[in-house]
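> I have a structure here, written as structure tokens, and I will follow up with some questions on it.
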Amino acid sequence: MPHVLVLNASYEPLGVVPLRRALVLVLENKAVSLEESGAFLHSATRAMAAPSVVRLKRFVRVPYRGPVPLTRKALFARDGGRCMYCGGVATSVDHVVPRSRGGQHAWDNVVAACRRCNHVKADRHLRELGWRLHQQPAPPSGLAWRIIGTGHRDPRWLPYLQPYGADDAMARIDGGALSTAPVAN
Ligand SMILES: [Zn+2]
């Protein structure tokens, strides 16, 4: 099922919904289609262009949303799909300070890692191995990350996500291991 980017009336990205849900928003006159996917949906009486981006007609007040949720997909996007220790293709999530030694499952303590580094590192601290991170892990910022973290993507969304921190993220995704992830269309 394709997914559709939903924007607030202010053009702020709100989330990603299944196509069916987006169609209901448009048919109920709650949202307008800004971009079409190129596909058509046929009912008994008419054909309708499937939206790829919709914008709500009324502004929805969004409560403070806190940090970007830490998902595997968002983490891999932040780290470009690369192992943060050796630069190889990442296949796993590693806790820099091991959980068994009090490390938190938080943006500033997780990195994408390859199987080998993850295995070698096991439950040791970096200093015990003489390893160093080139970059200190940090939470990503920008609303676009909430969209990216869903794992759904569509090149048509990019112009709407760019003002919200997507440039960097999208570039990393396209250059990284996530390019093998399912594309939402
Ligand atoms: Zn590695």
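> Once you compute Rg and the Kirkwood Rh from C-alpha atoms, what is the Rg to Rh ratio for the chain?
1.07
> Please report the equivalent ellipsoid semi-axes of the stretch 72-129, computed as sqrt(5 x eigenvalue) of the Cα gyration tensor, largest first, in whole Å.
Gyration-tensor ellipsoid for the stretch 72-129: 17, 14, 8 Å.
> What lysines does residue 57 reach when the alpha-carbon gap must be under 28 Å and sequence neighbours fewer than 8 apart in one chain are set aside?
Partners within reach: 30.
> Oh, and also: Normalised by the residues of the chain, what does the relative contact order come to in percent, with Cα pairs under 8 Å and at least six apart?
Working: 339 pairs, mean separation 43.1, N = 185.
23 percent.
> Related question: Could you run the Debye sum over the Cα atoms of the stretch 3-56, one equal point scatterer each and no solvent, and tell me log10 of I(q)/I(0) at q = 0.14, 0.16, 0.29 Å⁻¹, two decimals?
Summing over Cα pairs of the stretch 3-56 leads to -0.31, -0.40, -1.19.
> Among 164, 64, 11, which one moves the most in a GNM of the chain with springs linking Cα atoms closer than 10 Å?
64
> So, one more: Which of the trypsin sites (Lys or Arg not before Pro) across the stretch 106-155 are loop residues per DSSP, with 16 or fewer other Cβ within 10 Å?
For trypsin sites (Lys or Arg not before Pro) across the stretch 106-155 that sit outside H, G, I, E and B with at most 16 neighbouring Cβ atoms in 10 Å, the list reads 124, 132.
> In the Gaussian network model of the chain, springs joining C-alpha atoms below 10 Å, which of 141, 92, 100 carries the largest mean-square fluctuation?
Fluctuation is largest for 100.
> Pick from 45, 91, 71 the residue whose mean-square fluctuation is largest in a GNM of the chain, springs joining Cα atoms under 10 Å.
In this elastic network of the chain, the residue with the biggest mean-square fluctuation among 45, 91, 71 is 45.
> Using Cα-Cα distances under 8 Å and only pairs 6 or more residues apart, what relative contact order does the stretch 3-56 have, in percent?
Relative contact order for the stretch 3-56 comes out at 41 percent.
Every number here is computed from the coordinates shown, using simple stated rules; none is lab data. Only a predicted model underlies this, so the values are computations on that prediction, with no experimental measurement involved. A quick note on method: Cβ atoms are made from the backbone with ideal geometry, for glycine too, and the neighbour counts reach across all protein chains shown.
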